[in-house]
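Okay, so here's the structure we're looking at.
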Amino acid sequence: MKLDLERYKEMALNKAKENKVFTTRLRKKKPKTLDDSVVNAHHEAFEKIDCLECANCCKSISPIIIDRDIDRIAKHLKMKRSELIDQYFEIDEDEDYVFKETPCPFLMPDNYCMIYEVRPRACREYPHTDRKRFYQILNLTYKNTFVCPAVYEVLETLKTEY
């Protein structure tokens, strides 16, 4: 079954208010079992959703790129750091490096990543639904429901538990 990104986006928009209230309440409550529940929901979501079928994160948002990412990518591409920065990155309003454009310049037509082995840390960790102290990123999780179907699914599962 093909992943219907438009349907997920519509569902996230329809539940935006409900999800905002839920994440705000969860952040204040900080349930002791939240991290375990999130990891379980993460695994369930990714049994249904294939990132290579989606790649919406790569197509629509830019990760924050840290210095170590730049050095690793430059070495991998056999480029000077300054050339890599000039060609691919800009500094955003928060003074962070981000890609100049979306979709990601390293995203190939088949949704594979050209630099997968050395991809930025933020890409490796996305969508952040399998991390500790999950309550700390509930604002980001709420925003990611509009981008990532798996995050939407994780939040829906959490709402049944909390």
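The values are calculated or read from the model by the stated rules, or taken from the named source; none is laboratory data. Small disclaimer: the values here were computed from a predicted structure and weren't measured. Here the Cβ positions follow ideal geometry from the backbone for every residue, glycine too, while neighbour counts run over all protein chains shown. With ligands, DNA and RNA removed, areas are computed over all heavy atoms of the protein, side chains included. Shrake-Rupley method; radii C 1.70, N 1.55, O 1.52, S 1.80 Å.
To the nearest ten degrees, helix 67-77 and the longest principal axis of the Cα atoms of the chain are 60 degrees apart. Take the range 13-157, drop everything but the C-alpha atoms, weight them equally and run the Debye formula without solvent; then report log10 I(q)/I(0) at 0.08, 0.11, 0.12 Å⁻¹ to two decimals. Log10 of I(q)/I(0), two decimals: -0.25, -0.47, -0.56. Computing FRET efficiency as 1/(1 + (r/R0)^6) for Asn139 and Glu90, where r is the C-beta to C-beta distance and R0 is 30 Å, gives about 0.80. To the nearest Å, what is the center-to-center distance of the range 98-162 and the range 39-74, using C-alpha atoms only? Cα centres, the range 98-162 to the range 39-74: 5 Å.
Taking the Cβ-Cβ separation of Tyr162 and Leu3 as r and a Förster radius of 35 Å, what is the calculated FRET efficiency to the nearest 0.05? Working shown, then result.
Details: r = 26 Å, r/R0 = 0.76.
The value I calculate is 0.85.
At the residue level, Asp67 shows approximately 90 square angstrom of accessible surface with a 1.4 angstrom probe and all protein chains present. In straight-distance terms, cross-link reach from Lys29 covers every one of the lysines whose alpha-carbon lies under 18 Å from its own, apart from those fewer than eight places away in the same chain; here that gives Lys20, Lys132, Lys159.
Can you tell me how much longer the chain between Ile66 and Glu47 gets when fully stretched, taken as 0.36 nm per residue apart minus their C-alpha distance, in nm with one decimal?
Details: separation 19, 0.36 × 19 = 6.84 nm, distance 3.03 nm.
Here the answer is 3.8 nm.
Rolling a 1.4 Å probe over the protein chains gives Leu26 an accessible area of about 0 Å².
Mind checking the range 112-154 for chymotrypsin sites (Phe, Trp or Tyr not before Pro) that DSSP puts in a loop (not H, G, I, E or B) and that have at most 13 other Cβ atoms within 10 Å?
Details: sites: Tyr112, Tyr116, Phe134, Tyr135, Tyr142, Phe146, Tyr152; in loops: Tyr112, Phe146.
Taking the range 112-154 and a limit of 13 other Cβ atoms within 10 Å, the loop chymotrypsin sites (Phe, Trp or Tyr not before Pro) found are Tyr112.
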